[in-house]
Amino acid sequence: MDMLAEPYRIKMVEKLPMLSRREREAAIARAGYNTFLLRSDEVYIDLLTDSGTSAMSDDQWAAMMHGDEAYSGSRNFFNLQDSVREIYGFKHVIPTHQGRGAEHILSSLLIKPGDYIPGNMYFTTTRAHQERAGGIFVDVIIDEAHDPASDHPFKGNVSLEKLENLFAKVGPENVPYLSLAVTVNLAGGQPVSLENMRQTRELCSRHGVPIYFDATRCAENAYFIQQREEGCKERSVADILLEMMSYGDGCTMSGKKDCLVNIGGFLATNDGDLYESATEIVTLFEGFPTYGGLAGRDMEAMAVGIREMVDDDYIAHRVSQVRYLGSYLEGAGVPLVKPVGGHAVFLDARSFLAHLTQDELPAQSLAAALYAESGVRTMERGVVSAGRDPETGQHRYPRLELVRVTLPRRVYTRGHLDVVAEAAATLYQKRDQISGLRMVHEPAVLRFFTARFEPLKENLVGSE
Ligand SMILES: *Cc1c(COP(=O)(O)O)cnc(C)c1O
């Protein structure tokens, strides 16, 4: 099928735990049917997240040995700065311990209480930092992003109409910046087109509003542009990425995703004044501005990872793995969000388990059943993750009730993906036998991490 061969070979291996079905059933019961509460040594193929789970290259491991652990002025910082200037094109760089460290600094410097921050769909930590600074997030993504059946090629695009309406309603002086995510994680890893970035930039510039990218998966976005946008076929991913970033004033970055490291992030900006203020507050929350909460060796590994992320062969293979898993599942009739995004396949649990109501937690049940079936760990993104409305105390009922099957970078092979797809297809054949769940322990905040559940029937996957 539709998957490229790996553009790398293996020189170190990590043994995988292989539990029996009975051991897996005991493990998921002990974990309260919550995949977050499984121990990693109970998991065969771990597709919980692509965050911090990448395999580093030999060059990155070699770079770790070049750690310059000086408190200030580490040469690794200057190498990181060179990589960011060259690959992203931004002038000033502040390393942070991970993406949310950069979000914290940006939000606290730019947002004043009562401000509105438009963005192409929220992300959990991004919105939490905006709200913490007193801001109000406003979703300006196109409507197609909220429809699992829409196959719009750039489902992450900003709706210029929604953005224009916001400026008209609240006044651009109350909009400190637009937060532009590439790709859009919670829409399923969906990209934004260059054309849309250009138009968004033009509209924002007319109103004097800066743009800050959430560049977490910017290389994946650049690859989709190369594949899907007119006139981009012959361009390199690096060239496209540089043009993308030219439409913004800076970015926050989670190095744990596209930069191919296990920890790290940064804030980048072209705004000299913002940079000056950022160097003051980073010292309070992260560390001195030339290390920002990272060891020198971590900065060096990220400096190398940034260059590797725009390697055309690497990124083409990365996205082809996700596409391969998606087409295998689609061929087996398993309902998914389409088109398949850059980092994950999202199973549509609402139609997969059509016999369950949303109160019977279809996505949570499906993630638990998939683990019991195969030892594959995935994540619920539905009513449990959405939490309760702080005003009414009622469950939020999101339109999308999904199981996220996320691929770490350079970690698993086609054989692993076949196991995952076959397990999901087998489960789909016996979907009527999958029981719903009820929540028996509900934490007050971010409940999806530690909530516990029980099957509504005697067994999670019963025999009718
Ligand atoms: C992971 C992520 C972040 C936060 O980054 P961390 O490194 O986890 O702090 C921000 N935005 C998006 C879209 C992400 O996926």
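The values are calculated or read from the model by the stated rules, or taken from the named source; none is laboratory data. Keep in mind that what you see is a predicted model, and the values were worked out from it rather than measured. Every residue, glycine as well, gets a Cβ built from its backbone with ideal geometry; the counts of neighbours run over all protein chains shown.
Please specify each residue of the stretch 99-116 satisfying the condition of being crowded, with 20+ Cβ neighbours inside 10 Å and within 14 Å of the ligand (Cβ to nearest atom).
Matches in the stretch 99-116: 99, 101, 102, 103, 104, 105, 106, 107.
Any chance the stretch 217-226 includes a residue that's charged (D, E, K, R) and within 15 Å of the ligand (Cβ to nearest atom)?
Yes, the stretch 217-226 contains at least one residue that is charged (D, E, K, R) and within 15 Å of the ligand (Cβ to nearest atom).
Hey, among the residues in the stretch 117-126 that are surrounded by 21 or more Cβ atoms within 10 Å (Cβ to Cβ) and not in a loop (DSSP other than H, G, I, E, B), which one's nearest to the ligand (Cβ to nearest atom)?
126
Here are the criteria: (1) within 16 Å of the ligand (Cβ to nearest atom); (2) buried (at least 19 other Cβ atoms within 10 Å of the Cβ). Tell me which single one residue 139 does not satisfy.
Of the numbered conditions (1) within 16 Å of the ligand (Cβ to nearest atom); (2) buried (at least 19 other Cβ atoms within 10 Å of the Cβ), the odd one out for residue 139 is (2).
Among the candidates 21, 85, single out the residue that is more than 16 Å from the ligand (Cβ to nearest atom) and closer than 30 Å to residue 449 by Cα.
Matching residue, one of 21, 85: 21.
Going by the structure shown, is residue 269 more than 22 Å from the chain's Cα centre (by Cα), crowded, with 17+ Cβ neighbours inside 10 Å and either outside the structural domain of residue 92 (by TED's automatic domain parsing) or hydroxyl-bearing (Ser, Thr, Tyr) (or both)?
Numbers: more than 22 Å from the chain's Cα centre (by Cα): no; crowded, with 17+ Cβ neighbours inside 10 Å: yes; either outside the structural domain of residue 92 (by TED's automatic domain parsing) or hydroxyl-bearing (Ser, Thr, Tyr) (or both): yes.
No: the conditions fail for residue 269.
List the number of the failed condition for residue 288; all other conditions in (1) more than 15 Å from the ligand (Cβ to nearest atom); (2) in a helix (DSSP H, G or I); (3) among the hydrophobic types (A, V, I, L, M, F, W, C) hold.
(2)
Looking at 286, 280, 308, which one is without any contact (Cβ under 8 Å) to a residue 12 or more places away in the chain and of a type in the set (Asp, Glu)? Write out each step before concluding.
Numbers: 286 fails: without any contact (Cβ under 8 Å) to a residue 12 or more places away in the chain; 308 fails: without any contact (Cβ under 8 Å) to a residue 12 or more places away in the chain.
280 is the lone residue from the list that is without any contact (Cβ under 8 Å) to a residue 12 or more places away in the chain and of a type in the set (Asp, Glu).
Considering only residues of the stretch 73-85 that are over 15 Å from residue 63 (Cβ atoms) and in contact (Cβ under 8 Å) with a residue 40 or more places away in the chain, which is surrounded by the most Cβ atoms within 10 Å (Cβ to Cβ)?
84
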